[in-house]
Amino acid sequence: MFGSKRLRHLDRTIDVASEIWNHSVALHRRYYRLFKKTLPKSRLQAHLAKLRRTRFPHWKSVGSQSVQAITERLYLGWEAFFKGDIKRPPTFRKRRKYRSFTLKQSGYKLLGYGRIKVLGRNYRFNQSRPIIGIVKTVTVRRDPIKDFYITFSCDGVPSTEQAPKTGLTAGADFGLKDFLTLSTGEKIAAPQPLKAELRHLRKAQRVLSRKQKGSNSRKRARLDVARVHSKVANIRNDWQWKQARMLLTIFDLLVFETLNLKAMQQLWGRKVGDLGFADFLTKAGWMAKKLGRDLVKIDRWEPTTTPCHLCGHRQHMPLNMRTFVCDGCGNVECRDVNAAHNILEAGRRLRPGDTSKTSQEASVVVTAESHAL
Ligand SMILES: [Zn+2]
């Protein structure tokens, strides 16, 4: 979104939203301490409305519906906490870390492509795609470097754009050198610009760590880190969406191994986090739904590196052994491609109905037979 002066207004509004959030958390805690039960939502909302009229008139800059949205988010958090879905209940948040406010039916008005009125002021924004369906909520978000984003969530959006069936399937193995290795033999490397930015990020983080707490230069360094961070995140997200769309357009069935990220981190170090495998899986899952594809995740305890995918013979595969040379049938194959085949097979076992084979797999089967002869 553009217009620095007006953006300051949004910035302040988000600050106020964080104040309301924190005030609500405090009220909720006090109520619990006194009465040993949860503060009913309607009472909290009524109380906040009163505070808005009397003690904190500046809260009015956040529309009444946004206040409601804040409390609703809080109660969702508490609910999830009591159900055991999340580890910690919603808690106080630093103003700096508070990112957004949400408007429901009122407080905004669409003024045509890339233009919107929010809380009485007009804004222009880069609209990435047409808004389809009925707008249910509008969320204004700021990132640490004070860039502002606007997100619409809509009802009545056609949920899938079913891609035509291709009859192709693949297993995919995550790796450090190649982000993904497919059972078809293709390898997808992490994008180069990402590597360069990650180097920048490390440097900025080192600089930050040397700055004195509370100093102005530390503040600047923190902003630097945040800037590179958001650049890295943007490049990665963009790239991951593209890959996910491409893969799920090509393959009807795609099988991944669910990752034991902790173990991988121990094995490979911090780079694992940089690559964002888990984020990619989330995106791929979303894309599969959208395109009407099957995405199967197999158990991480399923052995995928040690057995030969052709004859099932198992052998020890130390990490530095990049080629799988089967002692059973003589199959010679890239370690990761063999693993990807095993991943695909494991996925198929979970989908007994699916027997289609990729053309490349079929050719591999022929070579196997010639081995046997
Ligand atoms: Zn073999």
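The values are calculated or read from the model by the stated rules, or taken from the named source; none is laboratory data. Predicted model only: the values in this text are computed from it and were never measured. In this analysis, Cβ positions are derived from the backbone assuming ideal geometry, glycine residues included, and neighbour counts consider all displayed protein chains. Each accessible area value is taken on the protein alone, full model and side chains, heavy atoms only, with ligands, DNA and RNA left out. Shrake-Rupley method; radii C 1.70, N 1.55, O 1.52, S 1.80 Å.
Quick one: if the Förster radius is 35 Å, what FRET efficiency do ARG8 and LYS231 give, using the C-beta to C-beta distance and rounding to 0.05?
With R0 = 35 Å, the Cβ-Cβ based efficiency is 0.90.
Along the charge dipole of the chain, pointing to its positive end and built from +1/-1 on Cβ of Lys, Arg, Asp and Glu, which listed residue (LEU48, PHE81, ASN338) has its Cα farthest out?
Projecting each Cα onto the dipole axis, the largest value belongs to LEU48.
So what's the angle, to the nearest 10 degrees on a 0 to 90 scale, between helix 359-372 and the longest Cα principal axis of the chain?
The two axes meet at around 30 degrees.
Which one, VAL332, VAL232, VAL62, has the greatest fluctuation when you compute a Gaussian network model over the chain with C-alpha springs under 10 angstrom?
VAL332
At q = 0.14 Å⁻¹, what base-10 log of I(q)/I(0) does the Debye formula yield for the range 202-339 when every alpha carbon is treated as an equal point scatterer in vacuo?
Rounded to two decimals, the profile gives -0.87.
Could you tell me whether the range 216-262 comes out rounded, prolate or oblate from its Cα gyration tensor? Rule is a ≥ b ≥ c as square roots of the eigenvalues, rounded for a/c under 1.5, then prolate if a/b exceeds b/c, otherwise oblate.
Cα axes put the range 216-262 in the oblate bin.
Under unit Cβ charges (Lys, Arg +1; Asp, Glu -1), what dipole magnitude, rounded to 20 debye, does the range 1-143 have relative to its Cα centre?
360
Given that compact globular proteins tend to follow 2.2 N^0.38 Å, what is the ratio of the alpha-carbon Rg of the range 33-115 to that value?
With N residues counted in the range 33-115, Rg over 2.2 N^0.38 Å equals 1.31.
How long, wide and thick is the range 91-143, going by the Cα atoms along their three principal axes, in whole angstroms, largest first?
Extents along the principal axes: 37, 22, 21 Å.
Taking the full set of protein chains and a 1.4 angstrom probe, give the accessible area of ARG96 in square angstrom, rounded to the nearest 10.
Counting only protein heavy atoms, the figure is 120 Å².
Can you give the Rg to Rh ratio of the range 1-64, both from alpha-carbon atoms, with Rh computed by the Kirkwood formula?
A ratio of 1.10.
So, with +1 on the Cβ of K and R and -1 on the Cβ of D and E, and no other charges, what is the size of the charge dipole of the chain about its Cα centre, to the nearest 20 debye?
Dipole of the chain, to the nearest 20 debye: 4000 debye.
Can you send over the carbon and sulfur percentage of the accessible area for the chain, probe radius 1.4 Å, protein chains only?
Whole-percent figure for carbon plus sulfur exposure: 54.
Based only on Cα atoms, what mean projected area does the convex hull of the range 141-197 have, in nm²?
One quarter of the hull surface, i.e. the mean projection, equals 7.6 nm².
Give me the log10 of I(q) over I(0) for the chain at q = 0.14 Å⁻¹, as the Debye formula computes it from C-alpha points; what are the numbers?
The Cα Debye sum returns log10 ratios of -1.27.
Among the lysines, which fall within straight-line cross-link reach of LYS242, defined as a Cα-Cα distance under 18 Å, with same-chain neighbours fewer than 8 residues apart omitted?
Counting by Cα, and skipping residues close in sequence, LYS242 has these lysines nearby: LYS187, LYS195, LYS231, LYS283, LYS289, LYS290.
Go through the chain and flag any cysteine with no other cysteine's C-beta closer than 4.7 Å, please.
When partners are defined as cysteine Cβ atoms under 4.7 Å apart, the chain leaves CYS154, CYS334 without one.
State, as an integer percentage, the relative contact order of the range 162-246 based on alpha-carbon contacts under 8 Å between residues 6 or more apart.
19
What is the helix-to-structure angle for 41-53, meaning the angle in degrees between its Cα long axis and the longest Cα principal axis of the chain, kept from 0 to 90 and rounded to the nearest 10?
50
Per-residue HN-Hα couplings for the range 88-101, Karplus 6.51 cos²θ - 1.76 cosθ + 1.60 at θ = phi - 60°, whole Hz, x for Gly and Pro?
Taking θ as phi minus 60°, the curve returns 10, x, x, 9, 4, 10, 4, 3, 4, 8, 7, 10, 8, 9 Hz for the range 88-101.
As a test of the formula, what do you get for the chain when each DSSP H run with n ≥ 4 contributes -39,500 (n - 2.57) and the sum is divided by the residue count, at 222 nm and rounded to the nearest 500 deg cm²/dmol?
After summing the helix terms and dividing by the residues of the chain, the value is -16000 deg cm²/dmol.
From largest accessible area down, sort TRP241, TRP301; use a 1.4 Å probe on the protein chains.
TRP301, TRP241
Give me the Kirkwood hydrodynamic radius of the range 72-182 in Å, from all C-alpha pairs, to one decimal place?
With all distinct Cα pairs of the range 72-182 included, I get 18.3 Å.
Give the percent of DSSP beta bridges with both residues in the chain that are antiparallel, rounded to the nearest 5.
Bridges in the chain that DSSP calls antiparallel: roughly 75 percent.
Express the relative contact order of the chain as a whole percentage, based on alpha carbon pairs under 8 Å and six or more residues apart in sequence.
14
Can you tell me the dipole magnitude for the range 128-201 around its Cα centre, using point charges on the Cβ only (Lys, Arg +1; Asp, Glu -1), in Debye to the nearest 20?
Roughly 220 debye for the range 128-201.
Please list, in order along the range 215-224, the HN-Hα scalar couplings obtained from phi with the Karplus expression 6.51 cos²θ - 1.76 cosθ + 1.60 (θ = phi - 60°), rounded to whole Hz, x for Gly and Pro.
Coupling constants for the range 215-224: 7, 5, 5, 5, 4, 4, 5, 5, 5, 4 Hz.
Using a 1.4 angstrom probe and counting only protein chains, how large is the accessible area of MET264 in Å², to 10?
For MET264, the solvent-accessible surface is approximately 30 Å².
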